[in-house]
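I have a structure here, written as structure tokens, and I will follow up with some questions on it.
The values are calculated or read from the model by the stated rules, or taken from the named source; none is laboratory data. Bear in mind that the values here come from a model prediction, so they are computed numbers and not experimental data. Counting neighbours? That spans all protein chains shown, and the Cβs are built from the backbone with ideal geometry, glycine included. Just so you know, the surface numbers come from the protein's heavy atoms only, side chains and all, with ligands and any DNA or RNA stripped out. Shrake-Rupley method; radii C 1.70, N 1.55, O 1.52, S 1.80 Å.
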Amino acid sequence: MLIVSAPSGSGKSTIVNWLMKEHPELRLYFSISCTSRAPRGEEKDGVEYFFLTPEAFKEKIANKEFLEYEEVYKNRFYGTLKAQVERQREAGQNVVFDVDVKGGVNIKKHYGDQALSLFIQPPSVAELRKRLEHRGTDTPEAIEQRLAKAEYELTFAPQFDHVVVNDDLEKAKEETLRIVRDFLF
Ligand code: ADP
Ligand code: 5GP
């Protein structure tokens with residue numbers, strides 16, 4: 001299993017999507033989480049997430065069905081089902097967890113040597129700001145929120161197995177590939 005966490009805008013999606021597309025031999029597949037938020041745009045139940053009502057989500061918490069979960073915003077929960085991870089592993093998938101830093105640390109604690117945890121780090125918070133502004137997917141307020149959270153998220157880096165500094169993108173991709181290959185093969 002592969003756990004990848006990073007402050008928003010670090011380049012995590014760019015690197016992971018490249019790895020999945022260009023290296024199918026790694027058999028990497030995203031773990032499908034549950035969320036109590038509504039689907040956005042073209043999102044489909046069972047593809048990006050399993051979309052649950054807050055009540056259904058809370059019931060699964062009470063039944064201890066989650067490997068880990070977080071209430072990221074009031075009544076907006078995100079979590080990974082133990083049974084879902086097992087299903088994906090039984091299907092021969094190397095499961096990739098794209099989760100926030102706390103979720104990443106918790107999943108690593110649970111799986112130990114069976115999981116590799118990677119932290120994708122931006123060269124600086126100033127560069128992070130530039131990337132988020134350039135990406136153009138967030139409002140100025142959302143960018144400020146993400147940056148404020150980034151300082152805190154960066155303090156989690158030492159708890160990961162490897163830190164990949166994403167300064168030169170090509171170098172970061174190759175470094176990630178090397179680390180993942182060493183782990184899997
Ligand atoms: P995340 O998934 O961590 O939120 P993204 O992969 O969406 O981040 O990357 C944020 C933005 O930064 C995107 O517009 C992406 O193209 C750009 N980007 C990624 N890596 C680099 C890099 N090494 N140098 C410059 N821009 C980058
Ligand atoms: P979004 O609403 O944009 O899809 O996701 C918001 C945040 O929730 C992202 O930072 C994402 O990494 C995190 N997230 C998605 N699934 C999970 C999960 O199963 N557990 C945890 N802890 N975080 C998750």
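So for the range 120-137 (the condition being away from ligand 1 (no atom under 16 Å from the Cβ) and over 19 Å from Ile15 (Cα atoms)), does at least one residue qualify?
no
Of all residues in the range 134-185, count the ones that are in a helix (DSSP H, G or I), of a type in the set (S, T, N, Q) and at pLDDT 95 or above.
Residues meeting the conditions: 2.
Same structure again: Mind checking which residues of the range 116-133 are farther than 21 Å from Val96 by Cβ and not in a helix (DSSP H, G or I)?
Pro123, Ser124, listed by residue number.
Within the range 148-163, which residues are under 17 Å from the mean Cα position of the chain (by Cα) and under 21 Å from Val72 (Cβ atoms)?
Within the range 148-163, Lys149, Ala150, Tyr152, Glu153, Leu154, Thr155, Phe156, Ala157, Gln159, Phe160 meet the criteria.
Now a separate question. Which count do you get for residues in the range 125-147 that are within 16 Å of ligand 2 (Cβ to nearest atom) and open to solvent by 70 Å² or more (accessible area, probe 1.4 Å)?
The qualifying residues number 6.
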